[in-house]
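Following: one structure in structure tokens, then a few remarks.
The values are calculated or read from the model by the stated rules, or taken from the named source; none is laboratory data. Note that this is a predicted model, so its numbers are computed, not measured. Cβ sites come from the backbone with ideal geometry, for glycine too, and all protein chains shown count toward neighbours. For accessibility, only protein heavy atoms count, side chains too; no ligands or nucleic acids. Shrake-Rupley method; radii C 1.70, N 1.55, O 1.52, S 1.80 Å.
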Amino acid sequence: MGGAGLVSRGLNRVRELVASAAHLGKTPDESDLERLRTQLQECAEGRGGEVSTRQRAARLAETYLRLDDVGRHAFLRLIAHEFGPDPARVAQAHAAYQAAVGTPRQWDAEAELRAALRSRRLRILTQFNAIPQGVKFLVDLRADLLRFIADDPLLKPLDRELETRLSAWFDVGFLELQRITWSSPAALLEKLVEYEAVHEIRSWKDLKNRLDSDRRCYAFFHPRMPLEPLIFVQVALLEEIADDVQRLLDIEAPLADASRATTAIFYSISATQKGLRGVSFGNFLLKRVIDDLKRDFPRLKTFATLSPMPGLVRWAQRDPEAFAEAFTATDWKRLATLGIEGVDSTGLAAVLAGDPAWVEDEALAESLREPLLRLGARYLSEARRGDRPVDTVARFHLGNGARIERLNWLADRSDKGLRQSWGLMVNYLYDPDRLEANLESFAANGSIAASSAVRRLARR
């Protein structure tokens, strides 16, 4: 069989393994590790021509996919520890550059120093680009790397190099914005169901509702991963800002007239590839989607989200003093009339987090409405990690130039919504005229844009 046939056979095998995400559970022994080291050495040296390169990359990918977690960790440690830049070559190139500064040879010496700093790790990783699904293989490999790195910080140099390379390959200029419809390929629709991270898609009828004529779904794709959405956003076309996700997702609700819509609500944004953590393109997605919607629906004037507050309950449990300060003496008196007394704020927080049945008691829910809304406003505007909000969703939207517009009481009554935020949700407003100013203030000093209503609520 010729070289092309061997490559084809190897690539087909890799394609099968990648598609099935096969974990064959093999832990390498010492002889296996030595063979791995030899394979990696061959890749690092780049022996032979293009056919040889593809064969090696295909064999190496197949080897990796056959390993269990212990084996994959060992594989990544080999690359991280044994295939970095050569310290002696770097030192020599640096000395030559220092000696050449100010002379005609300076620029050649600079190029030689850059070449010396280019690690063999990078050569190995780059070779996977030569095989079909090689980019997806690297994205999944980094997902493994991120799992291991918490307990093995010596993997960080490899992660930094791979993140830098993926950031270049997934630059927004290379990405394609596509609208996903009910007529899209079934394999792609299945991916939406699998990757939806905010509001679970419970059935095909539910999915069809989210892709109907009064809805839109957009995703970014990479040309080398055509059926793998990198991030997608679901949009509802309405006549007002939404305040209740149950109504928004009701599959029995009548179809709205999209031509009359004045408001676009981004109600779910899901990043799909764990291996692309740190590679940012979500802000570009929303800006592109807003432009697309404005072109198709000229009546649209308002662009906002209906977003979860996933860290609210955890934050309140970690900071019982903040929870207690959200309740006034009047609030405690109201609760006492309902038979809730002798329970301190820490106990009440635990009860609310552990038993979602409290929402069925209308009088209790109404008594909790103001203090929990107050707590939510303080959480979004004051709870920080460094100079950034604690809440991950808040960091995303505020970092994209949105402002906190309104908090919504019991907007998500699902078990998940009650567990993570006592059912509170928030509208972030994307005002095209203010996006850049808000973004610059947030980036410069962590300044949070919020409506006057939210600021008043936080100060009560």
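Summary of computed values
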{"quantity": "Condition check for Leu300: outside any helix (DSSP H, G or I) and modelled with pLDDT of 95 or more", "calculated": "yes"}
{"quantity": "Residue list for segment 431-460, restricted to those being in contact with a helix residue (DSSP H, G or I) (Cβ under 6 Å, 6 or more places away or on another chain) and open to solvent by 60 Å² or more (accessible area, probe 1.4 Å)", "calculated": "Arg460"}
{"quantity": "Scope segment 418-430; condition open to solvent by less than 50 Å² (accessible area, probe 1.4 Å) and of a type outside the set (Val, Ile, Thr); matching residues", "calculated": "Leu418, Gln420, Ser421, Trp422, Gly423, Leu424, Met425, Asn427, Tyr428, Leu429, Tyr430"}
{"quantity": "Residue check for Arg37: assigned to a helix (DSSP H, G or I), open to solvent by 20 Å² or more (accessible area, probe 1.4 Å), under 14 Å from Leu125 (Cα atoms) and at pLDDT 85 or above", "calculated": "no"}
{"quantity": "The one condition in (1) open to solvent by less than 10 Å² (accessible area, probe 1.4 Å); (2) without any contact (Cβ under 8 Å) to a residue 24 or more places away in the chain that Ala264 fails to fulfil", "calculated": "(2)"}
{"quantity": "Cβ pairs under 8 Å, 6+ apart, first in segment 181-195 and touching a residue at least 24 places away in the same chain (Cβ under 8 Å), second open to solvent by 70 Å² or more (accessible area, probe 1.4 Å)", "calculated": "Trp182/Lys208; Pro185/Leu227; Ala187/Leu227; Leu188/Leu227; Lys191/Leu227"}
{"quantity": "Qualifying residue in segment 117-131 (condition: more than 31 Å from the chain's Cα centre (by Cα) and more than 26 Å from Glu62 (Cα to Cα))", "calculated": "no"}
{"quantity": "Which numbered condition Leu125 misses (of (1) within 22 Å of Gly46 (Cα to Cα); (2) outside any helix (DSSP H, G or I))", "calculated": "(2)"}
{"quantity": "Within segment 74-122, tally of residues that are surrounded by 12 or more Cβ atoms within 10 Å (Cβ to Cβ), hydrophobic (A, V, I, L, M, F, W, C) and under 30 Å from Pro28 (Cβ atoms)", "calculated": "8"}
{"quantity": "Selected residue [assigned to a loop (DSSP other than H, G, I, E, B), of a type in the set (Lys, Arg) and open to solvent by 40 Å² or more (accessible area, probe 1.4 Å)] from Arg202, Arg147", "calculated": "Arg202"}
{"quantity": "So Leu372, is it in contact (Cβ under 8 Å) with a residue 40 or more places away in the chain, out of contact with any Ser or Thr (no Cβ under 7 Å at 6 or more places or on another chain) and of a type in the set (A, V, I, L, M)", "calculated": "yes"}
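For (1) over 33 Å from the mean Cα position of the chain (by Cα); (2) at pLDDT 80 or above, each residue gets a yes or a no:
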| position | (1), (2) |
| --- | --- |
| Gly3 | yes, no |
| Lys26 | no, no |
| Leu76 | no, yes |
| Val90 | yes, yes |
| Arg105 | yes, yes |
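Residue-by-condition table, conditions (1) assigned to a loop (DSSP other than H, G, I, E, B); (2) closer than 19 Å to Pro432 by Cβ; (3) basic (Lys, Arg):
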position	(1), (2), (3)
Ala253	yes, no, no
Ile265	no, yes, no
Asn283	no, yes, no
Leu286	no, yes, no
Val289	no, yes, no
Leu293	no, yes, no
Ala316	no, no, no
Glu321	no, no, no
